Every structure is written in structure tokens, then in C-alpha cells.
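Reading through the C-alpha cells given below for one structure.
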Amino acid sequence: MTRLLLLSVLVAALSPFLNNTVVVVIFIPVFLGLAQQAQEAPSRYLMPLSFSAILGGTVTLMGTSTNLVVWGLARERGYLDLHMFSIAPLGLIYLIVGLAYLFTVGRWLIPRRGGPPDLSRKYDIRRYITELEVGEGSPVAGLTCRT
């Protein structure tokens with residue numbers, strides 16, 4: 001639980017300065033590994049990851065794409081006073097209250113969903129599968145990989 005909280009705080013600290021999606025993608029393997037180590041359902045760790053990134057993104061204008069859209073609309077309407085940290089006071093309140101809620105009351109509300117079933121062993125499928133569609137006018141139409 002302590003490691004989950006510390007990692008969530010790290011994610012929330014990075015999110016104001018990086019795109020939320022990037023932060024989540026980078027940390028998914030870390031949080032999944034932590035869930036596996038604790039023998040918990042992945043949802044119990046991935047949901048705090050997502051929420052921490054979203055809450056951290058509320059601190060700056062570049063934290064989430066929504067903030068950037070609002071900034072653009074505000075500039076179009078003549079409101080030029082917005083800068084990188086102009087929403088930080090409210091964003092920090094959201095972040096602190098949100099994380100406090102997430103790791104107290106919210107912790108009990110997160111569902112215990114199992115991960116997706118591993119069908120690769122059942123159907124003897126290799127780790128990566130790729131499907132390509134070749135158009136009719138292509139010089140390789142009708143050929144197999146062996147020819």
C-alpha cells in the first residue's frame with residue numbers, strides 16, 4: 001500500500017508537466033508488476049494510476065489536453081491572463097483532496113477485476129500477432145510470405 005501511494009504521488013508530480021497519457025503508459029508496467037507482487041487484481045493498482053495522472057494534470061495548463069483547449073478558447077475571447085500555473089491553486093486542492101479520498105474511502109470502492117484471460121496458451125498463439133491487409137492494386141496482392 002505504501003509503495004502504491006508513493007508511486008501515485010510520483011505520477012501526480014509528473015502529470016502537470018507531461019501529457020497524462022504518456023505518464024500512464026510509462027507507469028503501466030510498474031503498477032502491474034506491483035499488483036502481481038501483492039497478488040492483487042490489476043484494477044486495484046491501475047485505477048489509482050489513472051486517477052493520480054488525471055488529478056496531477058489539473059495543476060497546470062499543459063497537464064491535460066482539456067486545459068489546453070480551455071486556454072485556447074479563453075485566448076480567442078480576449079482573456080490573455082492565463083499562464084502555465086494560473087490554475088495551480090485550485091489544481092493543487094483537487095490533487096490533495098483527490099489523492100486523500102482515493103487512498104482512504106476510495107480504496108474500498110475500487111473493484112477487484114481480474115486481468116484479461118491469457119488465451120495465447122490455450123490456442124497456442126505466439127506473443128505478437130500481426131495482420132496486414134493488401135489492397136487489390138498492390139504488386140504483392142495474391143502472394144504469400146513464402147513467395
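Miscellaneous remarks
- Looking across 43, 8, one residue alone is among the hydroxyl-bearing types (Ser, Thr, Tyr) and in contact with a helix residue (DSSP H, G or I) (Cβ under 6 Å, 6 or more places away or on another chain). It is 8.
- From 92, 34, 7, residue being within 14 Å of the chain's Cα centre (by Cα) and among the hydrophobic types (A, V, I, L, M, F, W, C): 7
- Within the range 98-124, residues that are within 15 Å of residue 35 (Cβ to Cβ) and part of a helix (DSSP H, G or I) reach partners that are among the charged types (D, E, K, R) and at pLDDT 65 or above with beta carbons closer than 9 Å, at six or more positions or on different chains, in the pairs 107/44.
- Qualifying residue in the range 129-137 (condition: in a helix (DSSP H, G or I) and either surrounded by fewer than 11 Cβ atoms within 10 Å (Cβ to Cβ) or at pLDDT below 75 (or both)): no
- Flag for residue 65 being without any contact (Cβ under 8 Å) to a residue 40 or more places away in the chain, within 18 Å of residue 12 (Cα to Cα) and either surrounded by fewer than 20 Cβ atoms within 10 Å (Cβ to Cβ) or among the polar types (S, T, N, Q) (or both): no
- Failed criterion for residue 71 (all others in (1) modelled with pLDDT under 90; (2) loosely packed, with under 13 Cβ neighbours inside 10 Å hold): (2)
- Taking every residue in the range 72-94 that is closer than 17 Å to residue 57 by Cβ and pairing it with any residue that is assigned to a helix (DSSP H, G or I) and small (Gly, Ala, Ser), at least 6 positions away or on another chain, the pairs with Cβ-Cβ distances below 6 Å are 82/74.
- Boolean, residue 60 is at pLDDT 85 or above, under 28 Å from the mean Cα position of the chain (by Cα) and surrounded by 10 or more Cβ atoms within 10 Å (Cβ to Cβ): yes
- Any hit, the range 65-86, residues being assigned to a helix (DSSP H, G or I) and within 16 Å of the chain's Cα centre (by Cα): yes
- Per the listing 13, 41, 53, the residue uniquely modelled with pLDDT of 90 or more and either polar (S, T, N, Q) or surrounded by fewer than 18 Cβ atoms within 10 Å (Cβ to Cβ) (or both) is 13.
The values are calculated or read from the model by the stated rules, or taken from the named source; none is laboratory data. As the structure is a computational prediction, the values presented were derived from the model and not from experiment. When we count neighbours, we look across all protein chains shown, and the Cβ atoms used for this are built from the backbone with ideal geometry, even at glycine.
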